[in-house]
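Note sheet for the following structure.
The values are calculated or read from the model by the stated rules, or taken from the named source; none is laboratory data. Every value quoted in this text rests on a predicted model; they were computed, and no experiment measured them. Glycine also receives a Cβ, built like all others from the backbone with ideal geometry; neighbour counts cover every protein chain displayed.
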Amino acid sequence: MHLARFPRIRLGHLPTPLEFLPNLTRHLGGPDIYIKRDDCTGLATGGNKTRKLEFLVADAIAQGADTLITQGAVQSNHARQTIAAAAVTGLKCKILLEERVQRASEEYAESGNVMLDRLLGGVIAARCPSGTDMARAMEDLAQELRSQGGKPYIIPGGGSNAVGALGYVACAQELLGQSFERGLRIDHVVHATGSAGTQAGLVAGFAAMNSHVPVYGIGVRAPRPQQEENVWKLVQATLDHMGVSLSCVQRSDVVANTDYVGEGYGIPTDAMIEAVTLAARQDAILLDPVYSGKGMAGLIDLIRKGHFKKGENIVFVHTGGTVGLYGYRPIFGQ
Ligand SMILES: *Cc1c(COP(=O)(O)O)cnc(C)c1O
C-alpha cells in the first residue's frame, strides 16, 4: 500500500486531532470514548468529504476537466464541500439536489448547507424530486456541457468510488499512526455510514495494514443487507485500485447496523436528538442531525446495552455535517 502513487491535492487541515471525550465517557460509564475530529478537516467548515475530494479533484484535474458535477440531498455536506473544492482549484461546479427528505422545513430548504452552496459560488443546476435517478441526471447534465465544449467530471454521490475511498484508506493510516504515538490500543472504530466510501476506505485501509481494527458502521439510509453489500463491493474495488490482494479482507469485516435510521434518511429520531444534545452538553461536540447524530445515537445505545464494554477503547469518527444543524433549527435549542 503506497498512497503517494495516486494524484492528490491538499484541501484539508490534516491530520485531524484524535481527542478523548472525558465527560461523555463518564456519563455513559462504559468504554473510553475517543473522537477522530474529521469535522475539523477545514475546507468551508470541513467534514469527511474533504479527504475524498483530495483524490477526486486531483483525478479531475489530471483528466483536464473544467467543471465538477455532483449530486446529493438538499442539505448535502458533500455538495457544499465539492463546491468549496472547486472554488479553491478554480474549477466550475454544478450540483443537482434531490428533494429526498419529506416534510422538510423552510430552514431545511434554504439554510445551512444550501446557503453555503450559494455563498461558495456553486451553481444549483436543478432540484430533483425524491426518487430521481441521480446518476442518470448527472450524466445528462455532463452530456449537455460536453455538447457546449465543456469538460465535465462526474463525482458520484458522497464521493464514494474507489478513488474517493482512498481518502479513508489514508485516514486509517493516520489513525494507526496516532494510536501508536500515544500508545492507544484501538478496539473499535465506529462511524455513520451512508454512500459507503468512508467505511469502505477504513475497512480496506485497516485490512491492507493487517491491523485487525474492527470498523462498525451505523447506517443512515439503506437497509442492512444493501448497505453492507454497497460497502463490501467498494472495499474490493478500492483494494483492487490500490493493487492490494483481496485475500486480506473478508465479507464479515463489513458490519453496518441499520437499527438507528428511524423513519428514513434525514428524518429526525428521538435518539438522534438525545445524542446531539448530549454530545453538545457533555463535551461541546457539535454533531449533525442526518449522519453523526444517528451514528452517535447508535454508539450510545450499544454502550447502554453492553455491546461495547468498560475497558475497551472506542474511536468515534466525527464525519462532520455540523452546518446541517441550521437546517433543523425547529427541533433543537428549545
Ligand atoms: C457523507 C457523510 C457521511 C457518510 O459518509 P459516506 O462515506 O457517504 O458513507 C457521514 N457523515 C457526514 C456528516 C456526511 O456528510
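Set side by side, the residues GLY72, GLY12 differ, and just one is part of a loop (DSSP other than H, G, I, E, B) and either of a type in the set (D, E, K, R) or within 16 Å of the ligand (Cβ to nearest atom) (or both), which is GLY12. The single residue among VAL213, VAL231, VAL203 that is in a loop (DSSP other than H, G, I, E, B) and either near the ligand (Cβ under 9 Å from one of its atoms) or in contact with a strand residue (DSSP E or B) (Cβ under 9 Å, 6 or more places away or on another chain) (or both) turns out to be VAL213. Among the residues making up the range 169-200, those that are part of a strand (DSSP E or B) and within 16 Å of the ligand (Cβ to nearest atom) are VAL189, VAL190, HIS191, ALA192, THR193.
Considering the range 153-168 alone, what residues qualify as being aromatic (Phe, Trp, Tyr) and within 13 Å of the ligand (Cβ to nearest atom)? The one that is aromatic (Phe, Trp, Tyr) and within 13 Å of the ligand (Cβ to nearest atom): TYR168. Those residues that are of a type in the set (Phe, Trp, Tyr), over 26 Å from GLU110 (Cα atoms) and not in a loop (DSSP other than H, G, I, E, B), I need them from the range 282-334; list them, please. Passing the criteria: only PHE316. Scanning the range 59-106 for residues that are buried (at least 22 other Cβ atoms within 10 Å of the Cβ), closer than 12 Å to GLY121 by Cα and over 19 Å from the mean Cα position of the chain (by Cα) yields CYS93, LYS94.
Screening ARG127 against (1) in a strand (DSSP E or B); (2) within 14 Å of the ligand (Cβ to nearest atom); (3) not aliphatic (A, V, I, L, M); (4) not assigned by the TED database to the domain that holds PRO214 leaves a single unmet condition, (2). For the condition in a loop (DSSP other than H, G, I, E, B), among the β-branched types (Val, Ile, Thr), over 19 Å from ARG146 (Cβ atoms) and modelled with pLDDT of 95 or more, THR45 qualifies. Listed by first and then second residue, the pairs linking a residue in the range 211-233 that is surrounded by fewer than 19 Cβ atoms within 10 Å (Cβ to Cβ) to a residue that is of a type in the set (Asp, Glu), with Cβ atoms under 8 Å apart and 6 or more places separating them unless they lie on different chains, are PRO214/ASP187; PRO214/ASP253.
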